[in-house]
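Every number in this text was worked out from the coordinates using simple rules, so none of it is lab data. Source: prediction; values computed, not measured. When we count neighbours, we look across all protein chains shown, and the Cβ atoms used for this are built from the backbone with ideal geometry, even at glycine.
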Amino acid sequence: MDDHRQMPRKHIAVVNSSPDFLLLARDLFEEEGYHVTTSEFSSTVFTQIVMQQPDALLVDLAVGEPEGWELLERLHGESATADIPVLITSTSHLLLEQVQDQEERYGAHRYALVKPLDLDELAAAIRDLIARD
Amino acid sequence: MRAEDQADAGSPLDPIDELRHNLKTPLTTIRGRAHLLARAVRRAPSLTDEERARMLDGLTAIDTAVMAMVAIIDGMSRASVDDSDETAGRP
């Protein structure tokens with residue numbers, strides 16, 4: 001038996017307003033061997049993240065949807081979540097640049113990927129984030 | 001509210017931005033599903049090399065078409081949409 005099968009699976013949490021994207025991310029990351037939880041934006045999503053303490057988070061920023069920005073700001077501002085590595089995605093280059101220009105408010109993000117995503121690139125970015133954790 | 005504050009809150013500064021997002025969201029699903037299928041095809045032991053190559057060619061064509069649509073969407077501006085409306089005879 002492979003030794004890695006004895007190791008607890010790393011946990012990826014995905015937060016996105018698109019149910020189709022959440023299913024896609026679940027299929028990708030489960031295929032990669034991760035434990036995956038998915039959530040649409042809601043008033044309880046931050047509490048879920050605090051309790052679950054995922055190894056990495058995938059958060060989407062959408063035009064006209066403040067929830068992603070608010071979640072990033074809260075994650076960065078709270079000690080219980082400030083060290084969780086976050087990968088941000090968006091359909092907008094501009095939004096990704098804006099959040100990266102405001103590190104003090106939203107935190108520093110090593111990966112900001114524009115959608116439609118290359119799934120191999122996304123999987124590699126998550127592997128790198130977790131390896132650095 | 002200042003323009004930069006609107007951006008911070010994720011509010012649309014331009015209806016074209018919202019249109020771009022609404023068009024790219026389903027394209028994200030299409031491209032992602034094509035990538036997942038390509039992974040499965042590469043691993044499928046029951047396929048002949050010819051079958052595998054033909055399926056991967058088809059999935060690559062989907063990916064290419066999606067990214068061509070993204071380039072069109074990124075090139076959209078308010079003026080180009082207005083011009084399109086006039087060409088179609090709409091008010």
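Tabulated data
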quantity	calculated
Karplus 3J(HN,Hα) series, Hz, for the stretch B:41-52 with 6.51 cos²θ - 1.76 cosθ + 1.60 (x for Gly, Pro)	5, 4, 8, 5, x, 7, 7, 6, 4, 5, 4, 4
Residues in the stretch A:100-130 that a label on residue B:60 would reach, taking backbone N under 17 Å of a point 7 Å out along Cα→Cβ	A:119-120
Computed over chain A: relative contact order in percent, which uses C-alpha pairs under 8 Å that are six or more apart	21
Computed E for residue A:47/residue A:124 - FRET, C-beta separation, R0 25 angstrom, nearest 0.05	0.25
